[in-house]
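**Student:** Take a look at the following structure, please.
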There are 2 protein chains.
Amino acid sequence: MIPPPPRPLPHATVARLPDYLRILADLANVGEDTVSSGRLADLAGVNAAKVRKDLSHLGSYGTRGVGYEVSVLLDQVREALGLTAARAVVVVGAGNLGRALAGYGGFEERGFPVRALVDADPAKIGTVVGPLDVRHADDLPALAVELDLRVGVIAVPSSTAQDAADRLVAAGVHALLNFAPALLSTPAHVAVRRVDLALELQVLSYYERQLRLAAPDTLSTS
Amino acid sequence: MIPPPPRPLPHATVARLPDYLRILADLANVGEDTVSSGRLADLAGVNAAKVRKDLSHLGSYGTRGVGYEVSVLLDQVREALGLTAARAVVVVGAGNLGRALAGYGGFEERGFPVRALVDADPAKIGTVVGPLDVRHADDLPALAVELDLRVGVIAVPSSTAQDAADRLVAAGVHALLNFAPALLSTPAHVAVRRVDLALELQVLSYYERQLRLAAPDTLSTS
DNA sequence: CCCAGCTTGTGAGCCTGTGCACAAGCTCCC
DNA sequence: GGGAGCTTGTGCACAGGCTCACAAGCTGGG
């Protein structure tokens, strides 16, 4: 009955746990009962020792000589990430990106159902996106309570991203995924993560050139 | 006339350069001539010493007592990232996410115009998304040459992500941005970067709970 | 019962990245 | 000309993360 002590996990480990989670779910689906750190490592594309150390951080005990039990590990990783219950998501911004994210099936599949889509532009209110209709951003506080919204996805232009964040925080949403290329200022108890798609392309661009200049031309034969 | 020596930058620096680039572009737009590391650091949300060390890596010389000249720095960061010319992007997968990414204005703005959208599903061929019409994935080799495609965005389900990657590589596209939650195997000279949106939500979920358990309740006054 | 063969969990060393603090150097004003 | 006031560039020490290598421990067969 003791609520599990909130042990802090290394950042690098936290970033890998969702990968393990997905792989374990796949393994469970094909009926695998146990898995070794070596196999997990292959599937995740990392070092086997790293897998073992990651798993040891969450107190997970495998069995020497055998490996880990898939179902047990699944539960432990879910618990460590705090994914025991689904968390309702609200998307702010019904533009191109916002509508796509709201309709993207990949979220619900992994425990994050999108339950609301809001915008500040009156012209967009009431338009329908899949099973959702666009609501006004002013309704956020009411929606947050009614739908138990836990995560806010910010898909508005940079210029209004801070405003969107403020509204979400005021409505009691304390986990924000920000797609705008801007720095948000939020209270200390709010978790923010930024995803900048153009940034990814720019970084990619750098490494592509590095590889091109390093290894001259390996022509792919058609 | 010597092509600039391909000095390898620290990964952490590469990841921050696009942020500096965006901030510098904004500063240039509002007519700022010079900027100090301190100001850049504030705008980027990082430590000033880190900014200076990052910039020193690309041989950029500021002026002591004054700061950096915005226009010069802009050019240097662009050059370091290999963004001297626009790079044409092809999106593979005309589903929900693919169509949104193809229509997302944020790419073109930052030097990555989406010039093609392909899919393997015959039912989708010919449908129109903004200024693009969906082409068949078999046309990739021809399109790659015709449009000088440099970057491939993979927006297909995990099950076909590897196939999409293979087709792109075969067509001569050596920079891949993968939105599918799957590990791709590619030749050594191909740069791959993965963006997993559900993973971001899961990581966010972890930190949100950490913060909640650490600092009980700081109610935002409305 | 005992041994061979795996697999986990972890200690040790290394490497990358961070932040501090300071010398070097530029500019402007008196 | 000289000095005050900034700001850059960097040496240094530290923290976090990664990999190796190995002891501890389980299982199954003879």
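**Student:** If you wrap a convex hull around the C-alpha atoms of region A:51-160 and split its volume per residue, what is the figure in Å³?
**Tutor:** 137 Å³
**Student:** I've got another one for you. Out of all DSSP beta bridges in the protein assembly as shown, what portion is antiparallel? Express it as a percent rounded to 5.
**Tutor:** 20 percent
**Student:** What is the minimum Cβ-to-axis distance for chain A, in whole Å, where the axis maps A onto B, and to which residue does it belong?
**Tutor:** So the closest residue, with its distance, comes out as A:100, 1.
**Student:** What share of the DSSP beta bridges in chain A is antiparallel, in percent to the nearest 5?
**Tutor:** 20 percent
**Student:** Need one number: % antiparallel among DSSP beta bridges in region A:110-195, to the nearest 5.
**Tutor:** Approximately 20 percent, going by the DSSP bridge assignments.
**Student:** Let me know the whole percent of all Cα-Cα pairs from the protein assembly as shown that are separated by more than 33 Å.
**Tutor:** I get 41 percent for the Cα pairs in the protein assembly as shown exceeding 33 Å.
**Student:** Suppose R0 equals 25 Å. What FRET efficiency, 1/(1 + (r/R0)^6) with r the Cβ-Cβ distance, do residue B:214 and residue A:185 give to the nearest 0.05?
**Tutor:** Here the calculated transfer efficiency is 0.80.
**Student:** Sorted from shortest, what are the nm distances separating the label point of residue B:141 from equivalent points in the other copies, each placed 7 Å from Cα along Cα to C-beta?
**Tutor:** With the label placed 7 Å along Cα→Cβ, residue B:141 yields 6.3 nm.
**Student:** Can you compute the FRET efficiency between residue B:121 and residue B:148 using 1/(1 + (r/R0)^6), with r the Cβ-Cβ distance and R0 = 25 Å? Round to the nearest 0.05.
**Tutor:** Efficiency computed from Cβ-Cβ geometry: 0.45.
**Student:** Apply the Karplus parameterisation 6.51 cos²θ - 1.76 cosθ + 1.60, with θ equal to phi minus 60°, to every residue of region A:16-23 and state each ³J(HN,Hα) to the nearest whole Hz, in sequence, with x for glycine and proline.
**Tutor:** 8, 4, x, 5, 4, 4, 5, 5
**Student:** Given points 7 Å out from each Cα along the Cα-Cβ axis, report the residue B:26 to residue B:139 separation in nanometres with one decimal.
**Tutor:** It works out to 3.9 nm between the two label points.
**Student:** May I pose another question? Enumerate the residues in region A:60-85 having an amide nitrogen under 12 Å from the point lying 7 Å beyond the Cα of residue A:193 toward its Cβ.
**Tutor:** Residues passing the 12 Å test: A:81-83.
**Student:** Taking each residue of A:176-184 in turn, how many C-beta atoms of other protein chains fall within 10 Å of its C-beta, and what is the average?
**Tutor:** 4
**Student:** Relative to the other copies, what are the label-point distances for residue B:31, with labels 7 Å from Cα along the C-beta vector, expressed in nm at one decimal and sorted shortest first?
**Tutor:** 7.3
**Student:** May I pose another question? If one computes the Cα centroid of region B:156-217 and of region B:58-130, what distance in Å separates the two points?
**Tutor:** After rounding, the separation between the Cα centres reads 18 Å.
**Student:** State, to one decimal in nm and shortest first, how far the label point of residue A:105 sits from each corresponding label point in the other identical copies (label point: 7 angstrom along Cα-to-Cβ).
**Tutor:** Spelled out, the distances from residue A:105's label point are 3.1 nm.
Each reported figure results from applying straightforward, stated rules to the coordinates on display, with no laboratory input. Computed from a predicted structure; not experimentally measured. In this analysis, Cβ positions are derived from the backbone assuming ideal geometry, glycine residues included, and neighbour counts consider all displayed protein chains.
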